[in-house]
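Participant: Pasting in a structure now, in structure tokens, and then I'll have a few things to ask.
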Amino acid sequence: MCDARAVDPLVVGFIIVQALVLGGAIALAIVRGRAIDRLRELLAARPAEGLGTADLDTVDIEQAVRTLLDRTRTAEWETTQVVRDRGSLLDIIGVGVVRLDDELLVDVANAAAHQFLGRAPGSLIGRSPIEAFIDPTIEGVAQMARETGAASGELTLRRDDGPTLLVRARRSPVRGIWLIMEDVSELRRLQRIRAEFIDNLSHELRTPLTTVSLLAETLVREADGAGEAIPPRMRDRIGKIEVETDHLVQMVEELLDLSRIESGGPMVMLDEVDLRRLALASVERLRLFAERQGVELRTDVPETVPPVRGAEDRLGQVLVNLLHNAVKFSPDGGVVTVRVEPSAKEVVVAVEDHGIGIARPDQARIFERFYKADKARRRGGGTGLGLAIARHVVEVHGGRIKVESEEGRGSTFSFSVPVLVADGT
Ligand code: ADP
């Protein structure tokens with residue numbers, strides 16, 4: 001019978017051998033570590049005149065060199081593993097990744113990039129961006145990223161059913177430029193369908209709504225003329241029908257406007273716009289509305305402002321919209337100030353109010369269509385489309401629109417438009 005407590009001599013032998021091997025390895029590592037430390041000490045102590053042979057201990061040196069060789073081999077192996085791992089990661093992810101080296105030639109390209117660009121695996125390496133993408137847009141994107149650190153562009157590849165790619169370029173902190181490609185064909189297709197749907201629906205709604213609005217207006221006039229024959233409650237309801245119908249007509253008009261702008265429709269950008277004059281004219285347009293709301297309009301505008309290139313009526317629309325909101329959300333006795341601030345590169349127009357302000361979570365969303373902050377909802381009126389239109393108009397002009405606001409203290413909406421450069425572009 002076998003005694004469970006009896007220890008097999010084979011097992012004991014095995015444990016002893018393991019312990020010896022481990023001990024040996026530790027001792028060797030300590031000795032080697034010491035050898036390298038010793039070499040470092042010697043080099044640090046005699047930097048200028050070099051090492052004298054008297055200082056050299058051949059055993060130390062040999063151990064140090066061996067350790068260094070070992071470490072180099074390990075480092076090389078680890079680097080190969082990291083490169084392999086990066087390669088496999090790049091091939092797993094669904095986005096296309098290309099790196100352009102310092103000469104702007106492809107030196108890394110993953111499987112998705114080859115697939116998006118319709119190339120055989122590996123065939124992108126060594127190509128210029130234009131050879132790889134067959135679209136001149138990419139050259140501009142790569143150059144811009146090289147100069148500024150980041151750029152992006154969208155290109156539709158000219159092949160049968162070629163995808164639409166969104167390309168984001170970033171300068172690498174190590175070398176070259178990374179290009180990240182996303183296939184946005186489906187997204188763009190759905191956006192087109194949505195825009196067409198809204199456009200068609202708005203067109204269909206416009207005619208009957210305009211008729212209802214005109215009829216409501218006539219009804220209000222007739223009710224006013226009928227005197228006592230129409231009871232006050234009925235008159236009140238007719239008045240509400242007119243207000244709400246007007247609201248609907250305005251919403252449909254703004255929806256049509258937004259879909260025209262979004263579809264890249266005819267925004268003629270040929271005017272040389274003087275934003276100083278436009279700001280003053282917009283303030284005049286809102287003067288009556290502001291007076292009715294008990295709000296004072298002020299301007300802070302320099303004598304001369306460099307011209308910008310764009311669509312004057314559209315930029316005017318942005319300004320009127322910002323001013324309208326600023327007055328609408330100001331208290332009785334409030335002040336709204338319009339500032340025009342030119343710099344070498346751009347002209348910034350800011351509209352400042354001291355009204356209800358906008359909570360931080362809402363600030364990120366108010367430029368979306370139909371978005372209204374809660375407080376604004378309670379105030380009624382407005383379609384929630386004005387800022388979406390404003391953002392599109394400003395972006396088409398190559399500018400940016402933003403808001404700074406504190407709830408209960410007021411808001412400042414500002415947009416920038418690049419100034420016209422000397423060659424007239
Ligand atoms: P509308 O004013 O027709 O509702 P907008 O797109 O112009 O639509 O504005 C969207 C929302 O942004 C408003 O409903 C309101 O919540 C908020 N907003 C815009 N301007 C201001 C402002 N000056 N002060 C406070 N809230 C504002």
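The values are calculated or read from the model by the stated rules, or taken from the named source; none is laboratory data. Worth saying up front: this structure is predicted, and the values here are computed from it rather than measured. All Cβ positions, glycine included, derive from the backbone under ideal geometry; neighbour counts span all protein chains shown.
Participant: How many residues are among the acidic types (D, E) and at positive phi when one looks only at the stretch 216-255?
Facilitator: Qualifying residue count for the region: 0.
Participant: Look through the stretch 296-326, keep the residues that are charged (D, E, K, R) and in contact (Cβ under 8 Å) with a residue 60 or more places away in the chain, and return whichever of them is farthest from L278 (Cα to Cα).
Facilitator: Taking the candidates together, the pick is R309.
Participant: Conditions first: (1) free of Cβ contacts under 8 Å to residues at least 40 places away in the same chain; (2) out of contact with any His (no Cβ under 7 Å at 6 or more places or on another chain); (3) part of a loop (DSSP other than H, G, I, E, B). G118 passes all but one, so which condition is the exception?
Facilitator: It is condition (1) that G118 fails.
Participant: Which residue, of R127, R73, is among the basic types (K, R) and closer than 30 Å to D37 by Cα?
Facilitator: Going through R127, R73 in turn, just one is among the basic types (K, R) and closer than 30 Å to D37 by Cα: R73.
Participant: Looking only at strands (runs of 3 or more DSSP E) that lie completely in the stretch 305-423, which have at least 1 residues being within 9 Å of the ligand (Cβ to nearest atom)?
Facilitator: In the stretch 305-423, the matching strands (runs of 3 or more DSSP E) lie at 335-342, 346-353, 401-406, 410-418.
Participant: With the checklist (1) surrounded by 15 or more Cβ atoms within 10 Å (Cβ to Cβ); (2) modelled with pLDDT of 90 or more; (3) more than 39 Å from the chain's Cα centre (by Cα) in hand, flag the one item K240 doesn't pass.
Facilitator: So K240 meets the others, but not (1).
Participant: Which pairs turn up if I take residues in the stretch 140-156 that are basic (K, R) and look for partners that are surrounded by 13 or more Cβ atoms within 10 Å (Cβ to Cβ) with beta carbon separation below 8 Å, at least 6 apart in sequence or on another chain?
Facilitator: As it stands, the answer is R146/L104; R146/R171; R146/I177, since those pairs meet every condition given.
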